[in-house]
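Chemist: Sharing a structure, written as structure tokens. Questions coming.
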Amino acid sequence: NVAGAYHLFAGRYRDLLAKEKIRVELRPSSGSIDNLKRLTDPESGVDVALVQGGIAEPDRDYGLVSLAALYYEPLWIFYRDADNLTLLAQLAGKRIAAGPEGSGTRVLVSNVLIASNAMKAGGPLSPLTGMAAAEALISGRIDAALFVAAPDAPVVQRLLKTPGIRLMSLSHAEALARHFNYLSPITLPRGMIDLGADIPPSNVRMVAATTHLVARQDFH
């Protein structure tokens with residue numbers, strides 16, 4: 001995705017390494033799942049990729065190494081409700097956008113919703129993501145939208161500043177991080193997004209995956 005954060009950071013690596021006379025060729029993909037598949041395919045021509053933590057099968061030897069943990073990607077849980085929701089279980093039975101099948105976001109969201117019994121009473125998750133999911137939430141066509149994204153992502157900024165849309169502060173953030181070792185509990189401080197407008201209006205407890213720079217084991 002040429003509009004995504006991974007493409008942005010890969011472009012920065014390309015520009016920095018060009019100064020060392022190392023040529024980096026960017027290969028746009030559909031996300032972390034696609035990146036992992038290409039890394040494990042010897043015919044793909046891909047040597048290094050950005051991969052979201054938690055998408056790999058824990059018992060499988062992929063023949064890969066993590067060169068670095070780069071940054072947190074928080075799980076943003078936006079919803080429409082008259083009540084202040086603080087537990088994922090409170091999303092049971094609601095219409096939820098969780099990204100397309102095969103995306104890193106879909107894997108993470110499915111894992112935490114199942115662990116929290118939030119899917120037992122609900123229908124299938126919507127594949128909507130990005131601005132399409134945001135517009136559906138704003139218009140009332142869905143009840144919640146979950147994203148794994150950086151704080152400066154346009155969809156995050158849009159929803160944080162939309163009246164009537166709430167950002168869930170997770171009461172179980174610490175427990176989720178202990179249950180899923182690829183997640184970390186983090187806090188979005190009050191006013192971090194916009195000091196003048198006081199967004200968010202209080203500290204928000206969240207969990208975040210870590211983005212890794214991953215290479216084949218035989219990479220120089």
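Chemist: For the chain, what is the mean residue ellipticity at 222 nm derived from helices alone (per DSSP H run of n ≥ 4: -39500 (n - 2.57); sum divided by total residues; nearest 500 deg cm²/dmol)?
Modeler: When only DSSP H runs of four or more count, the value is -7500 deg cm²/dmol.
Chemist: Would you mind telling me which residue in Pro42, Pro185, Pro200 has the biggest mean-square fluctuation in a Gaussian network model of the chain, where springs connect alpha carbons within a distance under 10 angstrom?
Modeler: Fluctuation is largest for Pro42.
Chemist: Based on the Cβ-Cβ distance from Ile114 to Arg12, what FRET efficiency comes out when R0 is 30 Å, to the nearest 0.05?
Modeler: The formula returns an efficiency of 0.25 here.
Chemist: In Å, what Rg and Dmax follow from the Cα atoms of the stretch 1-96?
Modeler: Looking at the stretch 1-96, its Cα Rg and Dmax stand at 17.9, 57 Å.
Chemist: In the chain, what percent of the accessible surface is made up of carbon and sulfur (1.4 Å probe, ligands and nucleic acids excluded)?
Modeler: 53
Chemist: How much accessible area per residue does the stretch 1-110 have, in Å², with a 1.4 Å probe?
Modeler: Accessible area per residue: 56 Å².
Chemist: Right, another one. Between (1) 20.7, 65; (2) 16.4, 52; (3) 18.0, 57, which matches Rg and Dmax of the Cα atoms in Å calculated for the structure shown?
Modeler: (3)
Chemist: While we're here: Are there any trypsin sites (Lys or Arg not before Pro) in the stretch 71-155 that are in a DSSP loop and have at most 14 other Cβ atoms within 10 Å? List them by number.
Modeler: Hits after loop and neighbour filter: Lys120, Arg141.
Chemist: Can you give the three extents of the C-alpha atoms in the stretch 107-162 along their principal axes, from longest to shortest, in whole Å?
Modeler: Here the spans come out as 31, 24, 16 Å, largest first.
The values are calculated or read from the model by the stated rules, or taken from the named source; none is laboratory data. Small disclaimer: the values here were computed from a predicted structure and weren't measured. In this analysis, Cβ positions are derived from the backbone assuming ideal geometry, glycine residues included, and neighbour counts consider all displayed protein chains. Heavy atoms of the whole protein, side chains included, go into the accessibility calculation; ligands, DNA and RNA do not. Shrake-Rupley method; radii C 1.70, N 1.55, O 1.52, S 1.80 Å.
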